[in-house]
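Report on the following structure.
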Amino acid sequence: RETPAEEITIRPDQLFPPDVATFVRGFLASLGQQAWIYMGLILHPISRKITRDLKQAKLAIDIMEVILPKMEAELQEKEKIEFKNFLVNLQMNFIEQSKRGN
(Lines give C-alpha, C1' and ligand atoms only; values in the text may rest on other atoms or scores of the structure.)
Protein backbone atom coordinates (compact mmCIF):
# COMPACT_ATOMS: atom_id res chain seq x y z
CA ARG A 1 0.00 0.00 0.00
CA GLU A 2 1.39 3.38 -1.09
CA THR A 3 1.53 6.42 1.12
CA PRO A 4 -0.73 9.23 -0.17
CA ALA A 5 1.10 12.12 -1.80
CA GLU A 6 1.77 15.06 0.46
CA GLU A 7 -0.73 17.84 0.06
CA ILE A 8 0.88 20.93 -1.41
CA THR A 9 -0.31 24.19 0.02
CA ILE A 10 0.44 27.44 -1.79
CA ARG A 11 0.01 30.65 0.12
CA PRO A 12 -1.31 33.71 -1.76
CA ASP A 13 2.02 35.52 -1.23
CA GLN A 14 3.77 32.73 -3.16
CA LEU A 15 1.70 33.27 -6.32
CA PHE A 16 3.31 36.55 -7.34
CA PRO A 17 6.86 37.91 -7.23
CA PRO A 18 7.49 40.41 -4.43
CA ASP A 19 7.81 43.37 -6.82
CA VAL A 20 7.57 44.35 -10.48
CA ALA A 21 11.34 44.36 -11.03
CA THR A 22 11.60 40.73 -9.88
CA PHE A 23 8.74 39.80 -12.18
CA VAL A 24 10.39 41.55 -15.13
CA ARG A 25 13.74 39.83 -14.47
CA GLY A 26 11.96 36.48 -14.80
CA PHE A 27 10.04 37.69 -17.84
CA LEU A 28 13.27 38.75 -19.59
CA ALA A 29 14.83 35.36 -18.87
CA SER A 30 11.68 33.66 -20.20
CA LEU A 31 11.73 35.76 -23.38
CA GLY A 32 15.34 34.79 -23.93
CA GLN A 33 14.47 31.13 -23.48
CA GLN A 34 11.66 31.48 -26.01
CA ALA A 35 14.04 33.12 -28.48
CA TRP A 36 16.48 30.19 -28.19
CA ILE A 37 13.61 27.75 -28.70
CA TYR A 38 12.21 29.57 -31.74
CA MET A 39 15.65 29.91 -33.30
CA GLY A 40 15.71 26.13 -33.17
CA LEU A 41 18.82 26.11 -30.99
CA ILE A 42 17.32 24.25 -28.04
CA LEU A 43 14.54 21.70 -27.77
CA HIS A 44 11.04 22.82 -26.96
CA PRO A 45 10.66 21.77 -23.31
CA ILE A 46 7.23 20.16 -23.77
CA SER A 47 7.33 18.65 -27.27
CA ARG A 48 11.06 17.82 -26.97
CA LYS A 49 11.38 18.79 -30.63
CA ILE A 50 13.21 21.54 -32.50
CA THR A 51 10.79 24.38 -33.17
CA ARG A 52 12.05 26.90 -35.69
CA ASP A 53 10.07 30.09 -36.15
CA LEU A 54 12.32 33.10 -36.69
CA LYS A 55 9.40 35.53 -36.62
CA GLN A 56 8.62 34.45 -33.05
CA ALA A 57 12.30 34.53 -32.08
CA LYS A 58 12.61 38.09 -33.42
CA LEU A 59 9.54 39.20 -31.50
CA ALA A 60 10.97 37.85 -28.23
CA ILE A 61 14.33 39.53 -28.86
CA ASP A 62 12.74 42.84 -29.89
CA ILE A 63 10.59 42.91 -26.74
CA MET A 64 13.68 42.27 -24.61
CA GLU A 65 15.41 45.14 -26.39
CA VAL A 66 12.55 47.50 -25.48
CA ILE A 67 12.19 46.40 -21.86
CA LEU A 68 15.83 46.14 -20.83
CA PRO A 69 16.62 49.90 -20.92
CA LYS A 70 13.56 50.58 -18.77
CA MET A 71 14.85 48.09 -16.18
CA GLU A 72 18.40 49.42 -15.90
CA ALA A 73 17.70 51.53 -12.81
CA GLU A 74 16.39 48.41 -11.04
CA LEU A 75 19.38 46.21 -11.89
CA GLN A 76 22.67 45.82 -10.11
CA GLU A 77 25.74 46.47 -12.29
CA LYS A 78 26.45 42.74 -12.65
CA GLU A 79 22.84 42.08 -13.72
CA LYS A 80 22.99 44.91 -16.29
CA ILE A 81 26.08 43.37 -17.85
CA GLU A 82 24.60 39.86 -17.81
CA PHE A 83 21.28 40.91 -19.38
CA LYS A 84 23.00 43.08 -22.01
CA ASN A 85 25.36 40.22 -22.90
CA PHE A 86 22.40 37.84 -23.02
CA LEU A 87 20.58 40.16 -25.44
CA VAL A 88 23.64 40.66 -27.67
CA ASN A 89 24.23 36.90 -27.76
CA LEU A 90 20.61 36.34 -28.80
CA GLN A 91 20.86 39.03 -31.48
CA MET A 92 24.07 37.58 -32.92
CA ASN A 93 22.60 34.09 -32.97
CA PHE A 94 19.44 35.43 -34.61
CA ILE A 95 21.50 37.01 -37.40
CA GLU A 96 23.33 33.73 -37.92
CA GLN A 97 20.08 31.74 -37.97
CA SER A 98 18.52 34.27 -40.37
CA LYS A 99 21.32 33.62 -42.84
CA ARG A 100 20.30 29.96 -42.81
CA GLY A 101 16.70 30.91 -43.65
CA ASN A 102 13.46 29.47 -42.31
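For region 52-72, the set of residues classified as closer than 20 Å to residue 92 by Cβ and either touching a Phe, Trp or Tyr at 6+ places or on another chain (Cβ under 6 Å) or among the aliphatic types (A, V, I, L, M) (or both) consists of 53, 54, 56, 57, 59, 60, 61, 63, 64, 66, 67, 68, listed by residue number. Of the candidates 96, 65, 7, the single residue that is open to solvent by 40 Å² or more (accessible area, probe 1.4 Å), of a type in the set (Asp, Glu) and part of a loop (DSSP other than H, G, I, E, B) is 7. Taking region 29-50 as the range and being surrounded by 16 or more Cβ atoms within 10 Å (Cβ to Cβ) and in contact with a helix residue (DSSP H, G or I) (Cβ under 6 Å, 6 or more places away or on another chain) as the test, the residues that pass are 31, 32, 34, 35, 38, 39. Among the residues in region 37-51, are any of a type in the set (A, V, I, L, M, F, W, C), in a helix (DSSP H, G or I), under 18 Å from residue 91 (Cβ atoms) and at pLDDT 95 or above? Yes - at least one qualifying residue is present in region 37-51.
The values are calculated or read from the model by the stated rules, or taken from the named source; none is laboratory data. Keep in mind the model is a prediction, meaning the values are calculated, not measured. FYI the Cβ positions are ideal-geometry reconstructions off the backbone, even for glycines, and counts take in every protein chain you see. Surface accessibility is based on the protein's heavy atoms, side chains included, excluding ligands, DNA and RNA. Shrake-Rupley method; radii C 1.70, N 1.55, O 1.52, S 1.80 Å.
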